[in-house]
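The structure appears right after this line, and notes come after that.
Each value in this text was obtained by applying a stated rule to the coordinates, not by laboratory testing. In this text, all values refer to a predicted model and were calculated from it rather than measured experimentally. Methodologically, a virtual Cβ is constructed for each residue, glycine included, from the backbone with ideal geometry; neighbour enumeration extends over all protein chains shown.
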Amino acid sequence: MARRFVTLLTIVLAVAGLWSGGWFLAAFWLRGEIETAAKGDPALSCAELTIGGYPFRFDVTCTGMRFVDGDVSVSLQEGRATARIYMPTFVELSAEGPAGYEDAFSGAAYRLDWQNMQASVRLDGFALARASLVADGLVLNDAVLDVVEMARVPHAEFHAVGTDGATGKDKRNIRLFARFDKAEPKRLEAPLDAEISALVTEWPADVLSWRSPDLLPYWATQGGQLRIEKAEMTTGDLWASLDGTLAPDNKGLIDGSLTLNSRGFGPLMRDYLAAPFAAALLGPEDGTGTAHQTLVFSHSIMRAGIVPLLQLPPLF
């Protein structure tokens, strides 16, 4: 009996040792990857990095997070990620604000505060199954000289869902959804509700490949498209909706068309745009006061009919 107990105890200790060794080895590797990212271009760094959760989780906390890409830098007071060993393809995320955005070239600076922000990512192998972000009590501020409030959003959510239907196992369709409830931009008199639903086709399935600088050119060569199924906003008596399909060519220029329907936006648009431009953008009104316009994109030039309105920069 004593020998059996000793044997069982030895097995338990060996398994515990292997488990512990594996956890600490994985934590060491994870810390190394994050520290390597701080030396990259773009760079992601932490003023303080802690990894805990032993023995069944990995809890990664990055305090003083900073992302730098050229002239643009984004900062976050604290970001946290949790992954369970028995469910490694599901990661829960949370963040504490404020978050800051600065563009050294243009001089723009913004600050974002919130009451609560939670997110999660679930993978199917190395392909995206679902990513979600839900936030409450968002406040966007202009922070160039002083913190000046620009807008409040009581509730916002964003979702990306990997879907079937793409040709080939190395590509995937990504369905996107975003929603804002009762947003309060300072320049609008009434709260704004907005909802967007879109589909990105032929997107590379392997999330590890998303860091490649050739991601967008590859997507274009595979015939990828952005299909805006619904983009709708309402504020007071003003309403607008947009749908259509856009796609890049092999030079990064955009082709496609969008259908814009709106009601009541004419006077507001004329406050910010030249009257002829606003009229061409919104299109003629019907008997109900609803304006209709088809915007055609050809080699990144947006036209209303034969009138060129805007030229977009290349996507890559």
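Taking Lys and Arg as +1 and Asp and Glu as -1, the other residues whose beta-carbon sits under 9 Å from that of residue 179 total -4.
Once you divide the Cα radius of gyration of the chain by 2.2 N^0.38 Å, the number left is 1.25. Phi angles across the range 210-221 convert, under the Karplus curve 6.51 cos²θ - 1.76 cosθ + 1.60 with θ = phi - 60°, into 3J(HN,Hα) values of 5, 7, 5, x, 9, 4, 5, x, 5, 4, 5, 5 Hz, Gly and Pro given as x. Label positions at residue 275 and residue 170, each projected 7 Å from the Cα along the C-beta direction, are separated by 5.7 nm. Restricting the range 220-316 to trypsin sites (Lys or Arg not before Pro) that sit in a DSSP loop and have at most 12 other Cβ atoms within 10 Å of their own Cβ leaves 251.
Label point of residue 33 set 7 angstrom out along Cα-Cβ; within the range 185-225, amide nitrogens under 18 Å from it belong to 205-213.
Quick check of the Kirkwood formula: for the range 74-124, what is the inverse mean of 1/r over all pairs of different Cα atoms, in Å? Final number for the Kirkwood radius of the range 74-124 is 12.8 Å.
Note that the range 290-303 has calculated 3J(HN,Hα) couplings of 8, 8, 10, 8, 10, 9, 9, 10, 9, 6, 6, 9, 8, 10 Hz, one per residue in order, obtained from phi through the Karplus relation 6.51 cos²θ - 1.76 cosθ + 1.60 (θ = phi - 60°); glycine and proline are x.
Under Stokes-Einstein, with the Kirkwood radius over Cα pairs standing in for Rh, what whole-number D in µm²/s applies to the range 166-285 at 20 °C and 1.002 mPa s?
129 µm²/s
Here the chain is assigned +1 on the Cβ of each Lys and Arg and -1 on the Cβ of each Asp and Glu. Its dipole about the Cα centre then comes out at about 1220 debye.
Between the range 271-316 and the range 45-76, the C-alpha centres lie 43 angstrom from each other.
Using the Karplus relation 6.51 cos²θ - 1.76 cosθ + 1.60 with θ = phi - 60°, the per-residue 3J(HN,Hα) values for the range 77-85 come to 4, 7, x, 10, 9, 10, 10, 8, 4 Hz, with x marking Gly and Pro. Between residue 108 and residue 75, the contour length at 0.36 nm per residue exceeds the alpha carbon distance by 10.5 nm.
Report D for the range 37-159 in µm² per second (integer): Stokes-Einstein, Kirkwood Rh on Cα pairs, 4 °C, 1.567 mPa s.
The estimated diffusion coefficient comes to 81 µm²/s.
Springs between Cα atoms under 10 Å define the GNM used for the chain, and in it the highest mean-square fluctuation of 94, 20, 120 occurs at 20. With an 8 Å Cα cut-off and a minimum separation of 6 or more residues, compute the relative contact order for the range 176-309 in percent. Computed value for the range 176-309: 17 percent relative contact order.
If the chain linking residue 182 and residue 94 were pulled fully straight, counting 0.36 nm for each residue of separation and taking away their Cα-Cα distance, it would gain 29.4 nm.
Largest first, the extents of the alpha carbon coordinates of the range 108-217 on the three principal axes equal 49, 27, 24 Å.
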